[in-house]
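Trainee: Submitted below is the structure of interest, expressed as structure tokens.
The values are calculated or read from the model by the stated rules, or taken from the named source; none is laboratory data. Please read these numbers as outputs of a predicted model, since none were measured by experiment. Cβ sites come from the backbone with ideal geometry, for glycine too, and all protein chains shown count toward neighbours. Heavy atoms of the whole protein, side chains included, go into the accessibility calculation; ligands, DNA and RNA do not. Shrake-Rupley method; radii C 1.70, N 1.55, O 1.52, S 1.80 Å.
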Amino acid sequence: MGGMAESSAPEKLQVEEARADFVARFPGYKKTALLDDLRATEYRRLDELSQVYLDYTGGSLYAESQLQKHFELLRSGVLGNPHSASPASVVTTEHVERTRRQILNYFNARAEDYVLVFTQNASAALKLVGESFPFAPGSRFLLTFDNHNSVNGIREFARAKGATISYAPLVMPELRLDAARLETLLNDADPARANLFAYPAQSNFSGVKHPLELVAKAQSKGWRVLLDAAAFVPTSRLDLTAVQPDFVTLSFYKMFGHPTGVGALLIRRSALANLKRPWFAGGTVNFASVQGQAHVLSPNEAAFEDGTLNYLSIPAVEIGLLHLQSIGIETIAERVRCLSGWLLEELLALRHTNGRAMVRIYGPATTQARGGTVTLNLYDPQGHLLDYRRVEELAGAEGISLRTGCFCNPGAGEIAEGLTEEDMRAGFTMGTEINLLSFVRLMQERGHKSAGAIRASIGLAANFADVWRFLRFIAGFRDQTRLTIGDVSFDIESCRIIRDGS
Ligand SMILES: Cc1ncc(COP(=O)(O)O)c(C=O)c1O
């Protein structure tokens, strides 16, 4: 599938008219003009290829200069494995340690408060917490319904060690936390036990920003708090002097596109001694013996960094952070606020000729305490759901990149789409035959429920024309039905796309 042809003159005029209306409604957009300059230079490939990229929650885009700087660093240096004292090793260690300090500085985390562990991604950081947290009978693992699966997975460590697992529910239609229920659940813990409360600073499903005040509140009731910041930090400031979760997890490609393969776990020093690693590896021990069959773990972050770090990519994190700082996270946040505010208003205004709404949005309808992740489904004039996979396919044909499915966030989807515990049990009776595709079919049989949605997410390189083109695409579904839009030609199993013949 290629990109779209160059915009025609009438189309350019339409965009300009719509832009004038948008800027009048969201005047703050003008203050973000720096990002239009960068779009024309650093991110020009988007327009050269006529691509509309709206999957920033999946991964952000890198600026050209990030690649050039990283390439130049690799080209001009002799960088060896950091585990020795050779000149090549020492240079690498300096890069890695400088990047570590830069990240702590970026999040305003004082060295006396936090250590930073380099990981492969946010999921690896979450697994480190899960496997090392001292869950035990009598302790609790509390998590919100809208966690990513890499947080949900921690419950298997908690379960194996006999902890009690509870989920804090969300309230429709905004998918925010049920504050009263959460309060009760937080009060349930015995502060003498090892209790962990995990929540996303921003939901990767609904875009909801949960209150950061929950961190101190839960801590005061005897909980360690894990803040999954993966979807929050790309467009918002996280200040770890003002708010001090015990654990913070993130992936850098979500912030600035390059590099992939590097994430971080920030551990508050006061929580460090509670963690117990279930194994050791090269790089994590001060001393280990075969005959003595014993080992002494290294102190601090080194005990969590298994084997050789991704030492050629880590310096690119410093380059990415400097790039974000040169723009200013507040500028990015304002841009995202304006574009997502307009997108929400316009989507909700879309009507079929018979007056019925075309779109249903899962999450807040305004920009209040939410980010630029907008999740929705489309309906025909009779109120029947349109297949989100077909919508994604048609979007792709127009050069528009979206994300569809459940976004590894089953809990938010279950609440948003009204799926019940019985629905989920019916799915699990299929045994190993269950996957997203067979579950979607089952839910259609059980009352035409949706088991998936369409997600458009806005980030630092997005501009007005991208959102306009997406909206024009969605408006094209006016008066369309399942029959007129045709059938999808690929299947999605879990998170893998399977096309005919592939
Ligand atoms: C909120 C949230 N947490 C965790 C993750 C996992 O990130 P990764 O796949 O980079 O490990 C994601 C990825 O989409 C996310 O959105």
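Trainee: Considering Ala168, Ala160, which residue is over 26 Å from the mean Cα position of the chain (by Cα), at pLDDT 95 or above and of a type outside the set (Val, Ile, Thr)?
Mentor: Exactly one of Ala168, Ala160 is over 26 Å from the mean Cα position of the chain (by Cα), at pLDDT 95 or above and of a type outside the set (Val, Ile, Thr), namely Ala160.
Trainee: Looking at the stretch 226-247 only, could you name the residues that are within 13 Å of the chain's Cα centre (by Cα) and either away from the ligand (no atom under 12 Å from the Cβ) or not acidic (Asp, Glu) (or both)?
Mentor: Scanning the stretch 226-247 gives Leu227, Ala229, Ala230, Ala231, Phe232, Val233, Pro234, Thr235, Ser236.
Trainee: Which residues, taken from the stretch 337-356, are open to solvent by less than 70 Å² (accessible area, probe 1.4 Å), over 30 Å from Val233 (Cβ atoms) and either in contact with a helix residue (DSSP H, G or I) (Cβ under 7 Å, 6 or more places away or on another chain) or in contact (Cβ under 8 Å) with a residue 12 or more places away in the chain (or both)?
Mentor: Hits for the stretch 337-356 are Leu350, His352.
Trainee: Additional query: Restricting to the stretch 192-225, name every residue that is more than 11 Å from the ligand (Cβ to nearest atom), under 15 Å from Arg155 (Cα atoms) and open to solvent by less than 20 Å² (accessible area, probe 1.4 Å).
Mentor: Asn195, Leu196, Phe197, Val225
Trainee: For the stretch 379-401, state whether one or more residues are closer than 18 Å to His148 by Cβ and not aromatic (Phe, Trp, Tyr).
Mentor: no
Trainee: Sticking with this structure for a sec: Mind checking which residues of the stretch 99-133 are away from the ligand (no atom under 15 Å from the Cβ), within 23 Å of Asn149 (Cβ to Cβ) and surrounded by fewer than 22 Cβ atoms within 10 Å (Cβ to Cβ)?
Mentor: Listed by number, the residues that qualify are Glu131, Ser132.
Trainee: Might you check whether a residue that is out of contact with any Ser or Thr (no Cβ under 8 Å at 6 or more places or on another chain), closer than 21 Å to Pro134 by Cα and in a loop (DSSP other than H, G, I, E, B) occurs anywhere in the stretch 191-207?
Mentor: Yes, the stretch 191-207 contains at least one residue that is out of contact with any Ser or Thr (no Cβ under 8 Å at 6 or more places or on another chain), closer than 21 Å to Pro134 by Cα and in a loop (DSSP other than H, G, I, E, B).
Trainee: Given Leu272, Leu312, Leu297, which one is over 14 Å from Glu131 (Cα atoms), among the aliphatic types (A, V, I, L, M) and under 29 Å from the mean Cα position of the chain (by Cα)?
Mentor: Leu312
Trainee: A follow-up question, please. Please work out if Ala303 is farther than 30 Å from Leu460 by Cα and either open to solvent by less than 10 Å² (accessible area, probe 1.4 Å) or within 16 Å of the ligand (Cβ to nearest atom) (or both).
Mentor: So Ala303 fits the description; yes.
Trainee: Kindly indicate the residue of the stretch 134-151 that is open to solvent by 10 Å² or more (accessible area, probe 1.4 Å) and within 15 Å of the ligand (Cβ to nearest atom) and also nearest to Ala271 (Cα to Cα) among those meeting that condition.
Mentor: Top of the filtered list is Ser150.
Trainee: Sticking with this structure for a sec: Among the residues of the stretch 258-275, which ones are among the small types (Gly, Ala, Ser) and open to solvent by less than 10 Å² (accessible area, probe 1.4 Å)?
Mentor: Within the stretch 258-275, Gly263, Ala264, Ala271 qualify.
Trainee: Which residue, of Leu240, Leu275, Leu227, is in contact with a Leu (Cβ under 9 Å, 6 or more places away or on another chain) and in a strand (DSSP E or B)?
Mentor: Leu227
Trainee: When Lys12 is evaluated against the numbered criteria (1) of a type in the set (Lys, Arg); (2) in contact (Cβ under 8 Å) with a residue 12 or more places away in the chain; (3) in a helix (DSSP H, G or I), which criterion, by number, is the only one it fails?
Mentor: Failing condition for Lys12: (2).
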